[in-house]
Amino acid sequence: MSKRQTMRQRLKLNRPSRRRLARPPRQRTPVGMDFTAANLPVALSLQHCSACGAAQYPPREVCGDCLCPTLVWREAETGGTLLAGVDLHHSLWEFFKRRIAQAPWPVASVRLDCGVTVFAHLALHTFSALPAKDAASLPADTRVAVFSHSDASRNAVLIAVSADTPIAERGQRRAIAQQLELTSPAEKPEGI
Amino acid sequence: MKDYAGVVLAAPVSFGYARQSPRGANWFIGCTLAEMLRQAGLAKDDVDGLAVSSFSLGADSAITLTQHFQMSPRWIDQLPYGGAAGLVALRRAARAVQAGDAEIVACIGGDGAAHRAFEGTAANFSNFTIDASFPYGAGGPNTAFALITRHYMERFGATREDFARVALDQRYNANHYPPALLGHKTLSLEQYLGARPIAGPLHLFDCVMPCAGGEGFLMMSEDRARHLGLPYCHILAAGELHNAHRDDPVQFRGGWTEYADALYQAAALGPEDIDLLQTYDDYPVISMLQMEDLGFCAKGEGPAFVRDTDLRFDGSGQQARKLPHNTSGGQLSVGQAGSAAGYMGIVESIRQLTGRAPHNPVSGARHAMVSGFGMINYDRGLCSAAAILGSAQQ
Ligand SMILES: [Zn+2]
């Protein structure tokens, strides 16, 4: 086998779809990594402007309101209102492709009470009154709570739950993240 | 705002549409340029301005392309504005020619479609996207637009049947535009409604197919075009506004609302005088936003408007009101060739206004509205641009 063919073979075998374990996207920007660090000890931490106090999201370098260069990570209120929820049936990323092969992946956009809009994984099982367990049956303006948890790539990601879900304790939050199958890689037993 | 008198658009070229290609962006941009020169009967060095848009140039840029193509332009620009790139290039190039900074500007959008290239673009789109949207299901722009579409449907009562009106008439147009990648297939309402789901209310035929290709046109003075014997069209008005309505929690309108009136005023026309409309159709709901914001109907009336309007290029639909829309089939049926998609509406409009659309002609077309929308950053599209083009026979 020529050197070139060996390389081709390796590239082919190295495709995400061939690997035994698939994880959520690992890549973050430097401030995205700060988001993970700031969220380790608390339910939800966001950047706040040291001059005007405005909460910020997505993570950034300067205040989006007054351009103040100093943003501090501070615990934030978890309450918010659902803008829209959808079920994903397609993904570009192997981890989600494998999860979606089992069931559609629900995500939502949420307006937090502190004024920022976040995307979050949607824990449909916490909405007990929901007739069908799909994101489309969740109406806009539903009250929700949003907290952070580490995913299987050890990045903090946001999870939206019904407003009455107990999330004060770390164990409660971990149980929800585990039920979403966010904390473990998506496994393909015959992979390499 | 100063008008666009004295400058014209010519040499419209759509090049090399393909689902996948081993060729890179340089190849598509270079071949598009060569075709533009051939069409205009110009030599490479007659072009002294170059405006380029591409997502897949990699380490290359507009300036490194000048060495690749062995050109020496005295005016250069690179416009990474996705669906608005062509219109922004048009505005910049027109001013350059008016000011005498360049005599002939080649404006080109082009992209390759290497295996898994789209995934890479989506994963690395911007800082906000990397940190706050791609980790949530990695659906690319589909996720943001599923949320926007869902919100629009709830707020204004739009249905999937309404979105089908846009997709189906565009497919009909594509059936008459040979280069369209999906033009050989018809699309019925049953097929549209029965398509596999992608994200929330979005199904297969609501989403564009990423592909490779190039689109380009030349900007020059009217005198030069006449001297060269080239068919051309005019810019009657043009505008742009970015990250408008930034406090809207969910996007349901774009920057067009802020300058649509000014465009009509500058062109001394109204929406009823527009003979063809080219919107940026990365998703049907976005075409509806543009119809509303550009004054073809009121906000929230997009669904009723498309129900009551024949959007086919030849007016063969049942509805009494006619508005030929995305007359080559748009991205939904031609394919989305990266940044070329932001040039597609201009190139197709030049063809229509110069009588060079032999298979899908809009008869008697004199005025075209071209609209662009681009750069889905995190939860919304940021760029908006629009222009009214007019045929030379006013
Ligand atoms: Zn501030």
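Here are the numbers:
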quantity	calculated
Near pairs, Cβ below 8 angstrom, 6+ apart or cross-chain, from the range B:113-136 (more than 7 Å from chain A (Cβ to nearest Cβ)) to any residue that is in a helix (DSSP H, G or I)	B:Ala113/B:Gly338; B:Thr121/B:Gly338; B:Asn124/B:Ile130; B:Thr129/B:Ala122
Among (1) surrounded by 22 or more Cβ atoms within 10 Å (Cβ to Cβ); (2) within 10 Å of another protein chain (Cβ to nearest Cβ), the one test that B:Pro141 misses	(2)
Search result, residues across the range A:48-73 that are within 17 Å of the chain's Cα centre (by Cα) and either within 25 Å of A:Arg174 (Cβ to Cβ) or aromatic (Phe, Trp, Tyr) (or both)	A:Tyr57, A:Pro58, A:Pro59
Sole residue being within 17 Å of B:Asp282 (Cβ to Cβ) and among the small types (Gly, Ala, Ser), chosen from B:Ala199, B:Ala225	B:Ala199
Any hit, the range A:80-101, residues being away from chain B (no Cβ under 14 Å) and either away from the ligand (no atom under 16 Å from the Cβ) or farther than 26 Å from B:Asn142 by Cα (or both)	no
Single unsatisfied condition, B:Tyr283 versus (1) touching a residue at least 12 places away in the same chain (Cβ under 8 Å); (2) out of contact with any helix residue (DSSP H, G or I) (no Cβ under 6 Å at 6 or more places or on another chain)	(2)
1 or more residues of a type in the set (Val, Ile, Thr) and in the same structural domain as B:Ser53 (by TED's automatic domain parsing): qualifying helices (runs of 4 or more DSSP H) within the range B:284-394	none
Matching residues, the range A:52-67, being surrounded by 15 or more Cβ atoms within 10 Å (Cβ to Cβ) and either away from every other protein chain (no Cβ under 11 Å) or within 20 Å of A:Thr36 (Cβ to Cβ) (or both)	A:Ala54, A:Ala55, A:Gln56, A:Tyr57, A:Pro58, A:Pro59, A:Arg60, A:Cys63
The range A:36-78, residues that are more than 12 Å from the ligand (Cβ to nearest atom) and assigned to a strand (DSSP E or B)	A:Ser45, A:Leu46, A:Trp73, A:Arg74, A:Glu75
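The values are calculated or read from the model by the stated rules, or taken from the named source; none is laboratory data. Bear in mind that the values here come from a model prediction, so they are computed numbers and not experimental data. Please note: Cβ atoms are built from the backbone with ideal geometry, for glycine as well, and neighbour counts cover all protein chains shown.
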